[in-house]
Amino acid sequence: MATPKDTEPLPAALDVTSIVLKRYVDDGPVPPDAFGVELSTLAADGLAEGEALCEVLYLSVDPYMRPLMRLNKAHYAPSFTPGKPLAGSGVALVRVSKAEGFAAGDVIVGRPLPWSSYAVLGADGLAAARKVPRELLGKVPLSYFVGTLGMPGLTAYSSLKRIAEPRRGETAFVSAAAGAVGQVAGQLLKRAYGCRVVGSAGSPEKVELLLRLGFDAAFNHKELPPAEALAKHCPDGVDVYFDNVGAETLEAVLDAANVGCRIVACGMISQYDLPAEKRYGVKNLFNVIGKQIKMQGFIVTTLAAGMEEDFLRDTAAMVADGRVKVVEDVTEGLENIGRAFADMMAGKNMGKAVVKVAAHDPFPAPAVAPRSRPPCAAPSPQPPHGTARRQRAAPPAAAPAAAAAAAASLSLPALLHAAGVFVLCCAGAAFLIAAIPALLAAARAAHRAEAVLRALEAEIPDTAASMRLSGLELSDCLSELGALGSDLTGGLRASARMVGAAESGLRAAPGAIAGAVVPAVARTEAKARGTVEGLLLERAASAPDLLPQVLRGTATAVKRARIGAAAAGFVAAAVGAGAAARGALDARAMQVARASVAAAGAAAVEGDGPERAVVAPRRRGGAGPGGGGGAEARPPAGDPMQRRQPPGGPQQQAAASAAAEQQRRQAKQATAEQQQRGQQQGPLRHDAPPPPQPPLSGPSLNGHVPKNGRGGGGAA
Ligand SMILES: NC(=O)c1ccc[n+]([C@@H]2O[C@H](COP(=O)([O-])OP(=O)(O)OC[C@H]3O[C@@H](n4cnc5c(N)ncnc54)[C@H](OP(=O)(O)O)[C@@H]3O)[C@@H](O)[C@H]2O)c1
């Protein structure tokens, strides 16, 4: 377990330095002289029960403090009180504790901590404080707990999760992207959500830093108006906007937003220095409606409630494996905190603005790469503005890059000195051996060697710096690759898990069908059977009452069926007999007709010569006297109903009629005789000759009255 280092026992009376707000500043930037230093003394052993004495290690300067530096009753937090220490989030070491749950050596993140070198926290202060997990002490720089692993990081983490809900492949834009919240938001959007990320910042160095942090594009909002920049860098529109600045930038985003864009209204720092009447009026808010934009403001303490553990676990892991890099701007000394605040508001900070309050760090930890990295390849005469941890109070030479260069330049004179001595020794020896010409040649050689070495001396620092920068570039690339690799591995593992689950699902399917569907079907069947049986039993229970009725009904039905069947049999028999009778009559009628025709034919042949028979049309009933068809309507050949007309003139017709009349009489007589015989013999025999039928007069067998073609009456 980590233990605090360099912690001396506390004196009985502690000298405490505090920073107070001297006056409210209503309009314009807060100047550094608005802050004052106040000294006081604190009795280390004067703690009450439930209190803890804490040594302040780091303090954060944040934009939200600006509105609290004017008398602003409408703000969500109360204004600072002039003459009293300001307060904000910070990291402190518990030195003495009379509070349950807190012990000397604990490191806490206080919200708020006073801008003082020591603080006594009571029950309220300790309740709002959070202990830094022991396992992280000495592994992560403590200053991270007011930046990427503190309130600004939680702001980005929670609002992305709960408001923006970014989707892979969407375009996200972050303003003030090189700051405390912006850098975390941008990196999470890129590495955790897979968005295409564009950032804006206020200097070329910051733009360069954003590209190094992995942003896909970045622009300087002081050089390019946001509307133009968005048209250039977000050609497909904006899906997620992380707004830290408001005003013109927000207005430009509302125009560039896609339908369904989510705007995280995190802050509007461009307006904080301005009194209400001077603030920018966004003119195109109606886009929120037409584009169905979700725009939500929030306060981190409310929005992130319950997320802190997840946040710390997730973000610390991403910081540890390099997916999220940390860029800090550290100012040394509590007395410089006012300037640090004013610089941050003016955009002079590169990364999270932190003030190092205590001279020592009880849990020093190596910065997680690439914390100490210049933003640009070219060495700059300015302070190392882009070092991931910029030490504002330290001279430039103390920065790692300068230190490396100094180390390189210090080693070269020593090298030169040794080389000179060596050359002199050689020259002395040569002088002794080869005398003056050789000595001169050696001297020339020494001069040339010295020139070469001097050139080297001039070149080596730059070369070394370049090499170091290349190394850092390489380390960036490697860490990018590592992050990508772990993303890919994670993706592949997840895919493999899904495939495995699908495969085992498929394998289990038949078993599942057999094991679940078949029994379910059997259960349903059994249930249905049970229900039916139950119903039948129920009906059976009431059967005694119904049975006699049913039996009576059945007997009646059977009786009726029998009567019906008998009637049907009778009708069928009658129909059969009718048909038989009709057949017999038909046959007989045909016989008589043929005989009549034969007789008529014979008479005609006897009467006159070569007259041809004319086929008369056969007319069905309905034709009136004189009606009927002409000769053009001929019956088909072979029609059994066709009849020959008596040929010849009136005399032949009269003769034929007489012959027919005679024949009819004979037939009638024969019929009468036969009937008489039949009455004597009994029922009609099938082999007996058919009785003679009246020839062509009277109703035909079909019930029609045949008429001749001339419309005249028949032979009858
Ligand atoms: N809602 C919440 O709960 C919550 C919590 C924390 C922070 N915030 C908000 O988040 C925003 C960022 O805070 P931070 O702590 O991360 O600060 P920061 O970005 O580290 O520092 C502020 C930055 O704002 C930019 N800026 C200043 N004046 C500007 C102007 N007129 N126009 C455009 N940019 C300007 C500057 O960057 P450039 O040089 O790049 O312009 C400056 O570096 C602030 O608006 C803050 O109020 C909100």
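Data table
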quantity	calculated
Global form of the range 195-245, assessed from the alpha-carbon gyration tensor, a/c cut-off 1.5	oblate
Three-way shape call for the range 158-198 based on the alpha-carbon gyration tensor, with the a/c threshold at 1.5	oblate
Histogram of C-alpha separations across the range 88-223, 5 Å bin width, %	2, 10, 17, 16, 15, 12, 11, 9, 6, 3, 0, 0
Electrostatic dipole magnitude of the range 148-325 [Cβ: Lys, Arg +1; Asp, Glu -1; Cα centre; debye, to 20]	240
Sequence-distant lysines (8 or more away, or on other chains) whose Cα lies within less than 26 Å of K278	K22, K73, K222, K348
Using a Förster distance of 56 Å, the FRET efficiency for R167-E100 (Cβ separation, nearest 0.05)	0.75
Within the accessible area of the range 148-325 (1.4 Å probe), percent carbon and sulfur	54
Relative contact order (percent, whole number), the range 148-325, Cα cutoff 8 Å, 6+ residue spacing	23
Hydrodynamic radius (Kirkwood) for the range 148-325, which is based on Cα pairs only, to one decimal in Å	16.1
Under 10 Å, Cβ to Cβ, from I163 - net charge with Lys/Arg +1 and Asp/Glu -1	+3
Separation of the V288 and D15 label points, Cα + 7 Å toward Cβ, nm	5.3
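The values are calculated or read from the model by the stated rules, or taken from the named source; none is laboratory data. The model shown is predicted, which means the values in this text are computed figures rather than measured ones. Note: ideal-geometry Cβ built from the backbone for every residue, glycine included; neighbour counts use all protein chains shown. Ligands, DNA and RNA are stripped out before the accessible areas are found, and what is left, the full protein with its side chains, is counted by its heavy atoms. Shrake-Rupley method; radii C 1.70, N 1.55, O 1.52, S 1.80 Å.
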